[in-house]
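Worksheet: one structure, shown below.
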Amino acid sequence: MRRRIVALAVSALMAGGTVAMTLPAQTASAKAITCDTSQMRQQVANLKAKAQRLKHEGEYAAARRALAQADAIQKKLNACIKGDNDASKPFPR
């Protein structure tokens, strides 16, 4: 009987340790990331306008760089919006 109790206790400790290792740890330095969507949208619009102006002036390489920056900001904005939408649901799919 004593062996069974010891074996159960050891297996319970091992299983608990495994579960504790697989769960993500929240650190004290972890902060919630907030996005200023209106500012990011404004930056995208400004960069697209700048790219259009540069393209009109014949600066095609600079226009491509401005569009690449606008696309990068737009991707970050989409990720922030998606994260906010998923985080607001109690059980996301």
Tally Lys/Arg at +1 and Asp/Glu at -1 over every other residue whose Cβ is under 13 Å from the Cβ of Ala51; what's the total? +3
Starting from the Cα of Val10, step 7 Å along the direction of its Cβ; do the same at Gln69; then give the gap between the two resulting points in nm. 6.4 nm
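Read-outs: derived from the displayed coordinates by stated rules, not from any lab. Source: prediction; values computed, not measured. Cβ sites come from the backbone with ideal geometry, for glycine too, and all protein chains shown count toward neighbours.
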